[in-house]
Amino acid sequence: MAGILEFSPEDRDNAFITTCSTAPFTDGALAGTAVAVKDNISTAGIQTTCGSKILEGYVPPYDAYVVELLRQAGAAIVGKTNMDEFGMGTTTETSAFGPTKNPVDPERVPGGSSGGSAAAVAAGLVPMALGTDTGGSIRCPAAFCGIVGLKPTYGRVSRYGLIAYANSLEQIGPMARTVEDVSRLMSVIARYDPRDSTMLDRPYDHRPSADIKGLRIGIPEEYFGEGVDPRVGETVRDAIGALEGLGAETVPVSIPGMRHALAAYYVICTSEASSNLARFDGVRYGPAVDIRKSWHEAYQDLRQEMFGTEVRRRIMLGTFALSAGYAGRYYAKAQVARRNIREDFKRAFCDADVIAGPTMPTVAFRLGEKTDPLSMYLSDILTVPANLAGIPSISVPCGKVDGLPVGLQIMGRQFEDERVVDAAFAYEQEVRA
Amino acid sequence: MITESDIEHIAELADIGISKDEVPEFTTQFNAILDYFEVLDTVEGESAPDAGIVNVFRDDEPRPGLSQEEALANAGSTENGFIKAPRVM
């Protein structure tokens, strides 16, 4: 079974930056399935912008490994989804191609940065999509749009062909309406690739199982504390209660390093970004730099014009955090904080098999509601710890507050992606029954 | 406390153009963010190399890469098979 999938969706929510009206597909596990791909993942022959003007018109000459795997599995790649510019945002509002709307309520943001992928799935335009998660960018939009999203263990999915923002934190992962589809997509993309030297050869071949009898669920008090909307906390506690009803037991755990998590995360991701984004100079790709000017002048002018404000702010923050006289106070301290958080999780996972809490402290914001960068950053507090620790984490819909979806986040030990998938599957099957 | 001239200096280091009227807002936002980062002063522990981690190397053997045509396809300005860039000096 091979053919061409016709794709011309009515994209009311601005979920896509690019759509492919005719998408070829072949035989395989995903034969003929429409899959949307976040626009920071390279697709040979299809424009890839990272949501930025600085890559407008850039057509990659090669596929990311995950895209190669999708094609081999027979998937039809139907388009590239909208995102916060270079993944830097929690709402998809920093995209140079306009914000994406939340299909559940078009006055609200879909979350970010993989907001286009989440909206495309939630609106029913595609059954599944790829996102990327640096500090919550798969789980946040999954929670806000009421779908399922998995951030795999760091090193489980190849980053070859992913346009880098913060290499030590980010992973490509699956998004879909059901846990089963997330698991199916994960089976396709989690394959060893020697071109990503941070990978381990731990392929994912798993069918979700709803049997969670005896599963020990750690409940960290830090995930239900200050800043978390109590109604969101209650909804999530009810969901955990449903898991208890299925034979799981809960144990209190603590991640004291959480108080440093957000600062450590923002120091590390901006530092990595300041180095990674230096490659965008308008010379090898993207809108051309003015070669009549001198190098620094031409480069500064282009980057002022083509990068959005948040991207410029983060590059400058990272440059500062790494600069002489400050690197010890910021970057080095952030790395210590990161190690402490990893140790906290390791300790917690002696008593618990998984750790559960809300994905986001609130439901989806109104479009334009968050204008101050720091208050935007603070909303990532519950998702960044998993990236700092490199552990797998899934968000599964668990009810609504004010008519807006709430996500239950389930984190697991490194390379135990299967276990978080099973716990999410058990919950999903229980509430659907 | 970061001053407006610090912001201009950081922008220069980062090769990010910044207009005069953006400087005050960037300065205010930077200071709010750096105030928040102060929590890192309370981090306990010393930086130490992680144990049990090895580098992943491969032999330096030639492999197929992009053709010249593919490598130049996205460049804004080319001449005789080369990429043109602004003058450095």
Checklist outcome for this item: Per the filter on segment A:315-336, residues open to solvent by 30 Å² or more (accessible area, probe 1.4 Å) and either in contact (Cβ under 8 Å) with a residue 40 or more places away in the chain or under 19 Å from A:Leu262 (Cβ atoms) (or both) are A:Leu322, A:Tyr326, A:Arg329, A:Tyr331, A:Ala332, A:Lys333, A:Gln335
Checklist entry - Of (1) within 14 Å of chain B (Cβ to nearest Cβ); (2) in a strand (DSSP E or B), A:Ile17 satisfies all except one. Which? => result (1)
Checklist entry - Take the residues of segment A:250-307 that are in a helix (DSSP H, G or I) and among the hydroxyl-bearing types (Ser, Thr, Tyr): which is most open to solvent (accessible area, probe 1.4 Å)? => result A:Ser275
Next on the checklist: Considering only residues that are in contact with a Gly (Cβ under 9 Å, 6 or more places away or on another chain) and in a helix (DSSP H, G or I), which ones fall in segment A:208-231?
Outcome noted: A:Glu222, A:Tyr223, A:Phe224
Checklist entry - If you check every pair at least six apart or on different chains, which have Cβ atoms under 9 Å apart with a residue in segment A:338-362 that is over 18 Å from A:Leu378 (Cβ atoms) and within 14 Å of chain B (Cβ to nearest Cβ) first and a residue that is assigned to a helix (DSSP H, G or I) and hydroxyl-bearing (Ser, Thr, Tyr) second? => result A:Arg338/A:Tyr265
Item to check | Conditions (1) aliphatic (A, V, I, L, M); (2) open to solvent by less than 10 Å² (accessible area, probe 1.4 Å); (3) assigned to a loop (DSSP other than H, G, I, E, B); number of the one not met by A:Ala239 | outcome: (3)
Checklist entry - All but one of (1) more than 14 Å from chain B (Cβ to nearest Cβ); (2) crowded, with 24+ Cβ neighbours inside 10 Å hold for A:Met88; which doesn't? => result (1)
Checklist entry - Can you spot a residue in segment B:4-11 that is more than 8 Å from every other protein chain (Cβ to nearest Cβ), surrounded by 10 or more Cβ atoms within 10 Å (Cβ to Cβ), within 30 Å of A:Arg292 (Cβ to Cβ) and over 23 Å from the mean Cα position of the chain (by Cα)? => result no
Checklist outcome for this item: B:Asp50: passes all of (1) in contact with a helix residue (DSSP H, G or I) (Cβ under 6 Å, 6 or more places away or on another chain); (2) over 26 Å from A:Pro287 (Cα atoms) but (1)
Item to check | Conditions (1) farther than 21 Å from A:Tyr204 by Cβ; (2) in a strand (DSSP E or B); number of the one not met by A:Glu430 | outcome: (2)
Next on the checklist: I'd like the full set of residues that are closer than 23 Å to A:Arg413 by Cβ and either outside any loop (DSSP other than H, G, I, E, B) or outside the structural domain of A:Asp39 (by TED's automatic domain parsing) (or both), limited to segment A:143-175.
Outcome noted: A:Ala143, A:Val148, A:Gly149, A:Leu150, A:Lys151, A:Gln171, A:Ile172, A:Gly173, A:Pro174, A:Met175
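The values are calculated or read from the model by the stated rules, or taken from the named source; none is laboratory data. Just so it is clear, the model here is predicted, and its values are computed rather than measured. Note: ideal-geometry Cβ built from the backbone for every residue, glycine included; neighbour counts use all protein chains shown. Note: areas computed on protein heavy atoms with side chains; ligands, DNA, RNA excluded. Shrake-Rupley method; radii C 1.70, N 1.55, O 1.52, S 1.80 Å.
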